[in-house]
Amino acid sequence: MNTIIKISIAAFLLIALNTKAQHSTKFKEFNSGVYLNGLDEDMFVFPGVSFLWGKTTYFSNNLLLDYEYGFALPTLITGKIGLGIGNSNNTVVLGVRPFPSSVYLQYTRKEKHLFSIENMEGIWDEGGIIINYGYRW
C-alpha cells in the first residue's frame with residue numbers, strides 16, 4: 001500500500017480523535033461481496049461474506065470515524081477503520097483494512113445500507129478488488 005496513503009489516513013484519524021464527538025452509533029453488520037482479480041479471460045472471481053460489530057462516531061465538524069471487526073469467509077477474521085464525512089443519512093468513508101490488506105472507499109445510506117470497493121494491492125499475486133454490499137442494524 002502506498003506510504004503517502006497510509007500517512008494521510010493516520011493523520012486524518014488523529015485529527016478526528018482530537019475533535020469532540022456529537023454522537024455515536026454501535027451496529028452489527030452482515031456483508032456479501034466478490035473478489036475480482038484481472039479483467040481478461042483469466043479473471044479469478046471468488047465470493048465472500050462477513051459478520052461484524054462496529055461503531056460510527058460522528059463529530060461536530062461533519063467528520064466521522066467508522067470501525068468494525070468480526071468474522072469472515074474465506075479469511076476467518078477481518079476488520080477495518082476509516083475516516084469520512086457525512087451524517088446519519090449519507091456518509092463517505094476512506095479507510096484501511098489491515099487483513100486482508102486493502103484500501104477502501106465506502107458509501108453508507110441511512111446508517112443501514114453500505115456499498116464499498118476495496119483495492120487489494122499485491123495480495124494473491126497482482127492484487128485485485130473487492131466489491132461489497134452490507135446491511136447494518
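The values are calculated or read from the model by the stated rules, or taken from the named source; none is laboratory data. Predicted model, so just to flag it, every value in this text is computed and none were measured. Note: ideal-geometry Cβ built from the backbone for every residue, glycine included; neighbour counts use all protein chains shown. Ligands, DNA and RNA are stripped out before the accessible areas are found, and what is left, the full protein with its side chains, is counted by its heavy atoms. Shrake-Rupley method; radii C 1.70, N 1.55, O 1.52, S 1.80 Å.
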| note | Screening Tyr69, Tyr58 for residues that are out of contact with any Asp or Glu (no Cβ under 9 Å at 6 or more places or on another chain), closer than 18 Å to Tyr133 by Cα and hydroxyl-bearing (Ser, Thr, Tyr) leaves only Tyr69
| query | For the range 21-66, how many residues meet the condition of being among the aromatic types (Phe, Trp, Tyr) and open to solvent by 20 Å² or more (accessible area, probe 1.4 Å)? | reply | 5
| query | For residues in the range 67-116 being of a type in the set (Ser, Thr, Tyr) and more than 20 Å from Val34 (Cβ to Cβ), which is most open to solvent (accessible area, probe 1.4 Å)? | reply | Tyr69
| task | Hey, can you tell me all the residues within the range 58-97 that are within 13 Å of the chain's Cα centre (by Cα) and polar (S, T, N, Q)? | result | Thr78, Thr91
| request: Only one of these is among the hydroxyl-bearing types (Ser, Thr, Tyr) and touching a His at 6+ places or on another chain (Cβ under 9 Å): Ser116, Ser88, Ser102. Name it. | output: Ser88
| Cβ pairs under 9 Å, 6+ apart, first in the range 27-46 and over 18 Å from Phe71 (Cβ atoms) and free of Cβ contacts under 8 Å to residues at least 24 places away in the same chain, second open to solvent by 30 Å² or more (accessible area, probe 1.4 Å) and aliphatic (A, V, I, L, M) | Met43/Leu36; Val45/Val34; Val45/Leu36
| note | Scanning the range 55-78 residue by residue, those within 15 Å of Gln106 (Cβ to Cβ) and not hydroxyl-bearing (Ser, Thr, Tyr) turn out to be Lys55, Leu63, Leu64, Leu65, Asp66, Glu68
| request: Look through the range 117-137, keep the residues that are among the hydrophobic types (A, V, I, L, M, F, W, C) and assigned to a loop (DSSP other than H, G, I, E, B), and return whichever of them is surrounded by the fewest Cβ atoms within 10 Å (Cβ to Cβ). | output: Trp137
